[in-house]
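The structure appears below as structure tokens.
The values are calculated or read from the model by the stated rules, or taken from the named source; none is laboratory data. None of these values were measured; they are calculated from a predicted model. Note that we place each Cβ from the backbone using ideal geometry, even for glycine, and neighbour counts take in every protein chain shown.
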Amino acid sequence: MLASLWEWLGTLEWVRLVPELLGKFLGFLLGFFASWLLLFRKRLKALERLKRGDSDDVLFQAHFLSPVAGTDHHILLFRNVAPTTTLNDLYDNPAAQDLVRELAEKTSLKNPVLETLGTEGFEVLNDAFGHLAGHLASSPLDRDVWLFAMTCEDRQVVRRKCVRCFLVRPADLRKFADWQWCREKVRCEHSWHWYRIVALHQIARVWEAEEAWERDASEEHHSQQGLPLVDDHAIHRRVRPLSAGIFDREVPIGEPVSVPWKRQEAELRRLGLDLRVTDD
């Protein structure tokens, strides 16, 4: 048996076989090392994003104004109304995932609403809107009209940068358009929630501009029959109404906190916002 084995080994063309085996072995090692390096780099990037507070999560949050007993003040509450999802789960198209990430990177506290323009923007906004509408469709609570906006707030002021889909009642958002009212009448659950008041104020301005645009477009449409209000989704509303049943009797988790707006003015100016008022 052993003699046969040695005889067989002697018949092999070692001059050709050794380089071939060595080449395949080295190729396997290089492939394994490249795969490990790619995986390691991917994990390093994920760890770096985690440390920065960046996330692919998508949150759906409703905002409420709860009266402060004995005063004309309100405390701003915001709560999740749907399970947190991710961009990969919300969009099955990788191009849509990349588009939302790109749009989110361009937002700031001054411009927190994603610039979902054109057909592609309409589709990503519509998918998020439809996802939430579908989740809330079976709610047994009384329905009301809420305004939906897809946002990503500035990483300089939020702990965790991710896409947040806001819901707020039209009457409440109309109040947030008045910055002096925001400063004087709105309190928070936590001191660091002041940025959410600013974001809602900026969203209210976007909503008012879209309301004015729609009124003008409607008048033009009536004067020129057959003219479409929206051509290939080139222009669409980024703050859109949604009929949904949402629990709206939330209670604050603590005493209302006043925001020291005088001290925040310098920070707001650094972020490109000059929201000072003349009368305090």
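Values computed for the structure shown
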| item | result |
| --- | --- |
| Total residues in the stretch 182-196, condition closer than 10 Å to Gln264 by Cβ and not hydroxyl-bearing (Ser, Thr, Tyr) | 2 |
| Subset of the stretch 69-119 (residues that are farther than 27 Å from Pro252 by Cβ, over 12 Å from the mean Cα position of the chain (by Cα) and of a type in the set (D, E, K, R)) | Asp89, Asp92, Asp98, Lys110 |
| Enumeration of residues in the stretch 71-123 that are of a type in the set (A, V, I, L, M, F, W, C) and in a helix (DSSP H, G or I) | Leu87, Leu90, Ala95, Ala96, Leu99, Val100, Leu103, Ala104, Phe122 |
| Given (1) touching a helix residue (DSSP H, G or I) at 6+ places or on another chain (Cβ under 8 Å); (2) among the aliphatic types (A, V, I, L, M); (3) modelled with pLDDT under 90, index of the condition Ala217 fails | (1) |
| Residue in the stretch 175-192 that is assigned to a helix (DSSP H, G or I), surrounded by 21 or more Cβ atoms within 10 Å (Cβ to Cβ), within 21 Å of the chain's Cα centre (by Cα) and at pLDDT below 95 present | no |
